[in-house]
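None of the figures in this text is laboratory data; all of them are computed from the coordinates on show. Computed from a prediction, not measured in an experiment: that's the story for all the values here. Every residue, glycine among them, receives a Cβ derived from its backbone with ideal geometry; neighbour counts consider all protein chains shown.
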Amino acid sequence: MSKNAIITGSTSGIGLGIARKFAEAGYNICFNGLEANGAEIAEAVGKEFGVKAIFSGANMLKPDEINEMVKTAEEAFGSVEVLINNAGVQYVAPIDEFPVAKWDLIIGVNMSAAFHTSKAVWPGMKARKFGRIINITSAHGLRASEFKSAYVTSKHGVTGLTKVLGLEGAPFGITCNAICPGYVK
């Protein structure tokens with residue numbers, strides 16, 4: 001089996017840690033993130049662990065860019081066996097002060113992007129009868145806290161999407177699981 005992964009939000013934080021561990025395990029990685037030096041981060045990790053590493057600056061709010069990222073990874077690696085949906089943003093404010101633009105951004109990056117990336121890798125995984133999708137949600141995908149209306153909503157949505165993808169993927173050897181970390185500095 002080939003070992004190729006796309007990891008969104010992988011140029012910093014939890015995502016970079018995940019990417020480093022997958023590279024250490026021999027996976028080729030398609031990095032994605034907002035850092036201007038994302039290509040250099042990918043190159044450094046690839047060299048360190050002797051794997052192929054590419055970078056996509058795909059905007060997680062734009063399905064066309066997400067589809068292009070998946071296409072590029074499939075062309076570079078031949079296939080994608082693992083998708084890790086890690087990209088995420090947060091904003092904290094009471095509901096009556098919560099900007100609509102922030103709501104739309106958080107729902108788009110945290111929840112809708114997980115749908116679009118999963119949909120994009122699905123045909124290849126289904127055809128190969130193998131795939132692993134891992135959604136990095138949050139403890140807020142299981143419970144709520146005040147002043148985080150969009151974040152909590154988005155993470156609950158991804159938890160639900162995870163369950164649906166697990167059910168739909170089972171007949172095709174595709175699994176989908178969520179990891180729900182607590183607070184991260």
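In the range 8-67, what trypsin sites (Lys or Arg not before Pro) fall in a loop by DSSP, with at most 16 other Cβ atoms inside 10 Å?
Taking the range 8-67 and a limit of 16 other Cβ atoms within 10 Å, the loop trypsin sites (Lys or Arg not before Pro) found are Lys52.
Which GluC sites (Glu not before Pro) from the range 59-167 combine a DSSP loop assignment with at most 16 other Cβ atoms within 10 Å?
Here the sparse-neighbourhood loop sites are Glu146.
Nearest 0.05, what FRET efficiency do Ala139 and Glu24 give at R0 = 22 Å with Cβ-Cβ as r?
0.25
Within the range 101-119, name every residue whose backbone N is under 11 Å away from a label modeled 7 Å from Cα of Ile95 along the Cβ vector.
No residue passes the distance filter.
With unit charges on the beta carbon (Lys/Arg positive, Asp/Glu negative), name the residue among Ala44, Asn32, Ala127 whose Cα is farthest towards the positive pole of the charge dipole of the range 4-179.
The residue sitting most towards the positive pole is Ala127.
Can you show me the helix-derived [θ] at 222 nm for the chain, built from DSSP H runs with n ≥ 4 at -39,500 (n - 2.57) apiece and divided by the number of residues, rounded to the nearest 500.
Value at 222 nm, helices only: -14500 deg cm²/dmol.
Relative contact order for the chain: what is it in percent, counting Cα pairs under 8 Å that are at least 6 residues apart?
Dividing the mean separation by the residue count of the chain yields 19 percent.
Any chance you could run the full-extension gain for Asn67 through Lys52? It's 0.36 nm times the residue separation minus the Cα-Cα distance, nm to one decimal.
Additional length available on full extension: 3.4 nm.
What are the ³J(HN,Hα) values, in whole Hz, obtained from phi via the Karplus relation 6.51 cos²θ - 1.76 cosθ + 1.60 with θ = phi - 60°, for each residue of the range 122-139 in sequence order, with x given for Gly and Pro?
Residue by residue, the range 122-139 yields 4, x, x, 5, 5, 5, 7, 6, 6, x, 10, 10, 10, 9, 8, 9, 4, 4 Hz.
Along the charge dipole of the chain, pointing to its positive end and built from +1/-1 on Cβ of Lys, Arg, Asp and Glu, which listed residue (Gly157, Ile107, Thr72) has its Cα farthest out?
It is Gly157.
With labels modelled as points extended 7 Å from the Cα through the Cβ direction, what inter-label distance (nm, one decimal) is found for Met1 paired with Thr175?
Once both label points are built, they end up 0.8 nm from each other.
What percent of all Cα-Cα pairs in the chain falls in each 10 Å bin, counting up from 0?
Reading the bins upward from 0: 10, 38, 36, 13, 2, 0.
Pop out the ³J(HN,Hα) list for the range 170-178 in order, Karplus 6.51 cos²θ - 1.76 cosθ + 1.60 with θ = phi - 60°, rounded to Hz; leave Gly and Pro as x.
Ordered by residue, 3J(HN,Hα) equals 3, x, 10, x, 9, 10, 9, 9, 10 Hz.
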